[in-house]
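Some notes on the structure that comes next.
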Amino acid sequence: WLHFIDGGQLSRVRVEGGAFQKINNEILVARSGFTSFGGTIIFTNANDGQLYSLPVSGGQPEPVTVDSGGDKTRYTWPRVLPSNEYLLITASLNSASVGIGNIELLNLDTGEHEVLIRTASNATYLESGHIIFVRDSSIWAVPFDLENLSITGAEVPVIQGLETNSQYGHAA
């Protein structure tokens, strides 16, 4: 299956082609994406800025536990790490400042999270052992030790002069 967002709804289509299928019609998914792994999709609810999970085949969304200490942080751009136990997420104060949020590491079992990268968004782990992310008008990279879940070097810009959106945290 190919999973995607269509008009704010999680949808899927067979790789061979065919009709699009809505996975869930009840929740409006934020444009800041989703991640899918092991039969699960984790996404941001556009209405409350929180993370939810549901089976890739559909069903009722369940909140993903994030130990937020009661604050109103919004969590977007979820990306699973290869172990399927941790997510990279962007944490921001509101939906208008996703691009100047922080990249955090979320433990899916405990809900504990920690800041990895400040004033950045939309992080993805690469097999090269780096996390790439958006900051200002650039894509940046930083070495990341997957075994120890830690940054091991300096953040450097790798592609500069991009059109970025500080509200939504994406680059074109």
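The values are calculated or read from the model by the stated rules, or taken from the named source; none is laboratory data. Because the structure is predicted, anything quoted here is derived from the model rather than measured. Here the Cβ is made from the backbone with ideal geometry for all residues, glycine too, and neighbour counts use every protein chain on show. SASA here: full protein model, heavy atoms, side chains in, ligands and nucleic acids out. Shrake-Rupley method; radii C 1.70, N 1.55, O 1.52, S 1.80 Å.
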P(r) histogram, all alpha-carbon pairs of the chain included - 5 Å bins from 0, percent: 1, 9, 18, 21, 20, 16, 10, 4, 1, 0
Where the stretch 14-72 is the region considered: accessible area per residue in Å², 1.4 Å probe: 56
Carbon plus sulfur fraction of accessible area for the chain, probe 1.4 Å, in percent: 48
For Ile117, distant residues with modelled amide H under 5 Å away: Ile103
Amide H partners (placed H, <5 Å) of Gly169, local residues excluded: Gly99
Per residue accessible area of the stretch 75-118, 1.4 Å probe, in Å²: 42
Hull-based mean projected area of the stretch 1-80, where the convex hull spans the alpha carbons, in square nanometres: 5.3
Alpha carbon Rg of the stretch 65-127, scaled by the compact-globule rule 2.2 N^0.38 Å: 1.03
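Go through the stretch 1-85 and name the GluC sites (Glu not before Pro) that are in a DSSP coil and have 11 or fewer other Cβ atoms within 10 Å of their Cβ.
Here the sparse-neighbourhood loop sites are Glu16, Glu26.
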Within the chain, longest stretch clear of exposed chymotrypsin sites (Phe, Trp or Tyr not before Pro) (DSSP loop, no more than 15 other Cβ within 10 Å): 21-172
